[in-house]
Protein chains: 2
Amino acid sequence: MGSFDLVNSNGNLFNPEEFRKQAYQVVDFIANYYTQIESYPVLSQVKPGDIRNQLPNTAPSQSESLQAILKDITNVIIPGMTHWQSPNFFAFFPNNVSTAALLGEMLCTGFNCPGFSWQVSPAITELEMVVMDWLANMINLPKSFLFSGGSGTGGGIIQNTTSDAIIMTLHAARDRAIKKIGTENMLKLVVYGSDQTHSTFEKVSKAMGINPNNIRLIPTVMEKGRPFSMCPLKLRKEIENDVAKGLVPLYLCGSVGTTSTNAVDPLEQLADVATEYGMWFHVDAAYAGSACICPEFQHFFNGIERADSVSMNPHKWLLTGLGCCCLWVKRSDLIVKAMRVEPEYLKNEWSSTTESNPVVNFKDWQLGASRKFNSIRLWIVLRSHGVENLQNHIRSDVQMVADFEMFVKSDPRFEIVVPRLFALVCFRLINPNNNNSEDANELLNRKLLDFVNSSGKIYVSHTIVGGIYMLRFCVGTMLTEECHIIAAWKLIQEGATQLLKN
Amino acid sequence: MGSFDLVNSNGNLFNPEEFRKQAYQVVDFIANYYTQIESYPVLSQVKPGDIRNQLPNTAPSQSESLQAILKDITNVIIPGMTHWQSPNFFAFFPNNVSTAALLGEMLCTGFNCPGFSWQVSPAITELEMVVMDWLANMINLPKSFLFSGGSGTGGGIIQNTTSDAIIMTLHAARDRAIKKIGTENMLKLVVYGSDQTHSTFEKVSKAMGINPNNIRLIPTVMEKGRPFSMCPLKLRKEIENDVAKGLVPLYLCGSVGTTSTNAVDPLEQLADVATEYGMWFHVDAAYAGSACICPEFQHFFNGIERADSVSMNPHKWLLTGLGCCCLWVKRSDLIVKAMRVEPEYLKNEWSSTTESNPVVNFKDWQLGASRKFNSIRLWIVLRSHGVENLQNHIRSDVQMVADFEMFVKSDPRFEIVVPRLFALVCFRLINPNNNNSEDANELLNRKLLDFVNSSGKIYVSHTIVGGIYMLRFCVGTMLTEECHIIAAWKLIQEGATQLLKN
């Protein structure tokens, strides 16, 4: 093994000692980044073109040093970043990470094996089966979604984003439907979500060739109890309409925790409708699924046993880093039937999943061929933290948002627009002189948002639902503590005072 | 900033000192993995279930130590891996990595920012624009594919796999076509590739709702000069046939370097056909595109200026680590028109790409919302190595395969089936007693493949093209040196001797 200590003849592409030295420096750089993260504006204050203008037009012909690169990252890149890991980041949903996730990613890239079929790296496939079962158990999914102990066709896969989960399940659903109604009737198929379903649902449906006229987004309203959730009666009416027109219901996407306000659709009643019309029923719990590792949140999943598939993204709230969307299905055989294409060059002793060969080949569960060793990241996150610490992390975030909600409630100038669910509160400032003019209130809150975000001290985002413009305050980074919530609230109050004075 | 030295109240989710300590250990672990990589069987020798059976059924409730995790990786995971970074890996195409790629991935995950729109991390978008222009220049793409200095609608994006590139371009092509022919005629659209086009083309086309009867894979043959490349005459004939039937040609996928044998389609002549029938012309150069950073290989791209889009995967042969597929398009406006869905919660001052607001928002160039900071990885790879070293790396691999080809040619028991292109050679063993029976030769070469792969010493893969079963020997890992080629050839010869004796 002596040759590894030397620069190898292949241009020193990898020398373990050099790697060790440089990687230590990058570790230090990341550690320093986190100690300084609060000193950067959370929302980058650069203007379009500012970063590009500082960088050369062509790649260097000669090797540059790590020092030069890190210097540019400090001087050029970091000022152009919006810092999602800042403890003062309260926008959108979080995309959090943790030490364990970083270590997992290092190993994933260190091994750099594409586990497209079982044989080309058995541990990638089998570890993924194990952790998907672990996580399914943690969020209390029924055994029918597991590899072990269920029907034999259940199981899960790690993908990049929710769009992958929709692609795969919609494809399987349509493949099954076409066998009944014939390819010539493909354009009669209809998919259903609500106007609060994540926008990727509409986007993916269009890209997958669902007739653009057949994508139904059921309007939601600010009703008590279940604000902005999908109404099963309205859904049924829409479907009856479609069926009367000769269309064919195909796919229903329910949500547990919508992006705007964390609305939760009534899964049991939606399942009734889906069953009646023979639709594939998918549940998107991208953000809120993580909360379901705590028993007190699992009731939001009531009815999930009747879904055909469920997806959630540990990369949002479960400390795993980006690119970790978990999808579970009951009938993986339908997925494989729709997805499987086996060119000769990928064939091997174990490459065909059949009844007599139950080996999982994840290439048949996704569109692309190659795939990263993402399971090692999730595995290390679950083991390093342990289930109880992960539950505490969720509960701590929820508690901080509950405190924030109390602050808002205690200031009569503000209004909670949608009751808090999970770790998100939707609120707005009201100017009594606006006489309930939505336009005036919207303008006021746009100004408030601009005031807090352009300060660089915190980053909050907004939405409009039911015609109401509101601010969204969501807690979820690994560094956020009570003191950050208090400071954020003070800044928001300061903005309100200034704006109402003018 | 003192609080960072302490365990924070949020359950110590990130403590920079603890991170530093643990990350150093993982760096050491990876460095050690590489020093020992030749001691592991290249192709894992485990049986299905071997890994799962060693792992518990449920996640631990309490935190586990890094030591315990690394021990399991050593004892359970590594024996279950097929080592793609081993210098003795010659199967499929490489998926290589390098120190620079590892450092880039650490920073990407360290920052963990999803750059879905410009504002949510301007540096992610702008650095991606810069490196995509860099790489386009390196492979000599015309300016029309660049952000800078071209038509104003050109540009590139980093995606995960070739399937993403096909999704995006096929979607844009269909969206444009439907505006002309009407949604009701969607099922008349036809897509064209060859029987050597990567299988993801067929898979993605089906998933995207292209009529499964309208996916044409033009048969190729072992002709001299351009073995297994798409014949423009055959293509034209097929299209004429389709048009006569009232069908509508939509999309043509050409290849520079097919997966089985590295066949190169005649781009100029294919472009003639595509232009004549108003088709979108995409060029997939997943593997061989990397070679085009060397001027002597750029002639394979002759005609590329007439393509609508080009994709290549630096994660295969350009030392960047998995998940780096680069796609360039001339008409990004068509992509954005097809892709753009803008929910309120994602709107901001810069979120709409229009003529008056030329800011790029990559969410409109892909299906999913979130995306990783992959450009930092590619940027660090290009800067750390520099263009000349990267060219040397390609040339060195090509030279090693040329040597291997010479070895094969010098042994009369073997035959080169397809002349070497780039760093792949396709060959087979011939038993003169087989009297040219393809079945007998196939069996012989299957046995030879099994002999070398089950030895654990090297990993080679196979294909069948034009009815001929052949072995594929491809060089591309960062550690492979001449000595590994020599040893691999000796092993193959040894297998041949044993098999021909029996």
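Assorted remarks:
- Subset of the stretch B:185-206 (residues that are surrounded by 18 or more Cβ atoms within 10 Å (Cβ to Cβ), of a type in the set (S, T, N, Q) and more than 7 Å from every other protein chain (Cβ to nearest Cβ)): B:Ser194, B:Gln196, B:Thr197, B:Ser205
- For the stretch B:220-258, filtering for residues that are assigned to a loop (DSSP other than H, G, I, E, B) and closer than 18 Å to B:His198 by Cα leaves 11.
- Residue check: B:Phe414 meets all listed conditions (1) within 14 Å of another protein chain (Cβ to nearest Cβ); (2) touching a strand residue (DSSP E or B) at 6+ places or on another chain (Cβ under 6 Å); (3) open to solvent by less than 40 Å² (accessible area, probe 1.4 Å) but one, namely (1).
- Test: residue in the stretch B:71-82 that is at the interface with chain A (Cβ under 7 Å from one of its Cβ atoms), of a type outside the set (Val, Ile, Thr) and touching a residue at least 40 places away in the same chain (Cβ under 8 Å): yes
- Residue count, the stretch A:286-304 (criterion: without any contact (Cβ under 8 Å) to a residue 40 or more places away in the chain and either open to solvent by less than 10 Å² (accessible area, probe 1.4 Å) or not assigned by the TED database to the domain that holds A:Met168 (or both)): 1
- Each residue in the stretch A:224-234 was checked for being buried (at least 21 other Cβ atoms within 10 Å of the Cβ) and more than 15 Å from A:Val264 (Cα to Cα), and 0 pass.
Every residue, every condition in (1) surrounded by 24 or more Cβ atoms within 10 Å (Cβ to Cβ); (2) not assigned by the TED database to the domain that holds A:Arg340, yes or no:
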{"residue": "A:Thr99", "(1), (2)": "yes, yes"}
{"residue": "A:Pro122", "(1), (2)": "yes, no"}
{"residue": "A:Glu128", "(1), (2)": "yes, no"}
{"residue": "A:Thr153", "(1), (2)": "no, no"}
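- Residue that is surrounded by the fewest Cβ atoms within 10 Å (Cβ to Cβ), among those in the stretch B:450-467 that are more than 24 Å from the chain's Cα centre (by Cα) and in a helix (DSSP H, G or I): B:Ser454
- Residue that is surrounded by fewer than 19 Cβ atoms within 10 Å (Cβ to Cβ) and either facing chain B (nearest Cβ under 8 Å) or modelled with pLDDT of 95 or more (or both), where the choices are A:Gly182, A:Gly209: A:Gly182
- Count of the stretch A:106-162 residues, restricted to those that are in a helix (DSSP H, G or I), under 23 Å from B:Asn112 (Cβ atoms) and of a type outside the set (Ser, Thr, Tyr), is 13.
- Neighbours by Cβ (under 8 Å, 6+ apart or cross-chain): first from the stretch B:261-278, in a loop (DSSP other than H, G, I, E, B); second of a type in the set (A, V, I, L, M, F, W, C) and surrounded by fewer than 19 Cβ atoms within 10 Å (Cβ to Cβ): B:Tyr277/B:Val243
- Against the test of being closer than 18 Å to B:Phe362 by Cα, touching a Ser or Thr at 6+ places or on another chain (Cβ under 6 Å), more than 11 Å from every other protein chain (Cβ to nearest Cβ) and not β-branched (Val, Ile, Thr), the options B:Gly155, B:Gly150 yield a single qualifying residue, B:Gly155.
- Check on B:Thr258, surrounded by 21 or more Cβ atoms within 10 Å (Cβ to Cβ), β-branched (Val, Ile, Thr) and within 27 Å of A:Glu184 (Cα to Cα): no
- Candidate set from the stretch A:468-502 (those that are part of a loop (DSSP other than H, G, I, E, B) and within 11 Å of another protein chain (Cβ to nearest Cβ)); member that is surrounded by the fewest Cβ atoms within 10 Å (Cβ to Cβ): A:Glu481
- Residues of the stretch B:391-405 include at least one that is free of Cβ contacts under 8 Å to residues at least 40 places away in the same chain, in contact with a Ser or Thr (Cβ under 8 Å, 6 or more places away or on another chain) and either hydroxyl-bearing (Ser, Thr, Tyr) or surrounded by 18 or more Cβ atoms within 10 Å (Cβ to Cβ) (or both).
- Checking the stated criteria, A:Val310 turns out to be touching a residue at least 24 places away in the same chain (Cβ under 8 Å) and in the same structural domain as A:Glu268 (by the TED database).
Residues are listed down the side, and each one gets a yes or a no for (1) crowded, with 20+ Cβ neighbours inside 10 Å; (2) over 23 Å from A:Ser86 (Cα atoms); (3) modelled with pLDDT under 95; (4) more than 8 Å from chain A (Cβ to nearest Cβ):
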site	(1), (2), (3), (4)
B:Phe4	no, no, yes, no
B:Ser9	no, no, yes, no
B:Asn12	no, no, yes, yes
B:Pro16	yes, no, yes, no
B:Tyr24	no, yes, no, no
B:Phe29	no, yes, no, no
B:Tyr40	no, yes, no, yes
B:Ser44	yes, yes, no, no
B:Gln54	no, yes, no, yes
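- Scanning the stretch B:56-78 for residues that are open to solvent by less than 60 Å² (accessible area, probe 1.4 Å) and outside any loop (DSSP other than H, G, I, E, B) turns up B:Leu66, B:Ala68, B:Ile69, B:Leu70, B:Asp72, B:Ile73, B:Val76, B:Ile77, B:Ile78.
- One residue from A:Ser396, A:Ser455 being out of contact with any helix residue (DSSP H, G or I) (no Cβ under 8 Å at 6 or more places or on another chain) and of a type in the set (S, T, N, Q): A:Ser396
- Residue that is farthest from the other protein chains (Cβ to nearest Cβ) [pool: residues in the stretch B:319-349 that are part of a helix (DSSP H, G or I) and hydroxyl-bearing (Ser, Thr, Tyr)]: B:Ser332
- Test: residue in the stretch B:353-371 that is within 21 Å of the chain's Cα centre (by Cα), under 18 Å from B:Val130 (Cα atoms) and in a helix (DSSP H, G or I): yes
- Every condition in (1) in contact (Cβ under 8 Å) with a residue 12 or more places away in the chain; (2) outside any loop (DSSP other than H, G, I, E, B) is met by B:Asp411 except one, and the failing one is (2).
- Checking the stated criteria, A:Gly386 turns out to be modelled with pLDDT of 95 or more and in contact with a Ser or Thr (Cβ under 8 Å, 6 or more places away or on another chain).
- Given (1) modelled with pLDDT under 95; (2) open to solvent by 10 Å² or more (accessible area, probe 1.4 Å); (3) within 12 Å of chain B (Cβ to nearest Cβ), index of the condition A:Lys316 fails: (1)
- Tally, over the stretch A:378-390, of residues that are open to solvent by less than 10 Å² (accessible area, probe 1.4 Å), touching a Pro at 6+ places or on another chain (Cβ under 7 Å) and at the interface with another protein chain (Cβ under 7 Å from one of its Cβ atoms): 1
The values are calculated or read from the model by the stated rules, or taken from the named source; none is laboratory data. As the structure is a computational prediction, the values presented were derived from the model and not from experiment. Methodologically, a virtual Cβ is constructed for each residue, glycine included, from the backbone with ideal geometry; neighbour enumeration extends over all protein chains shown. With ligands, DNA and RNA removed, areas are computed over all heavy atoms of the protein, side chains included. Shrake-Rupley method; radii C 1.70, N 1.55, O 1.52, S 1.80 Å.
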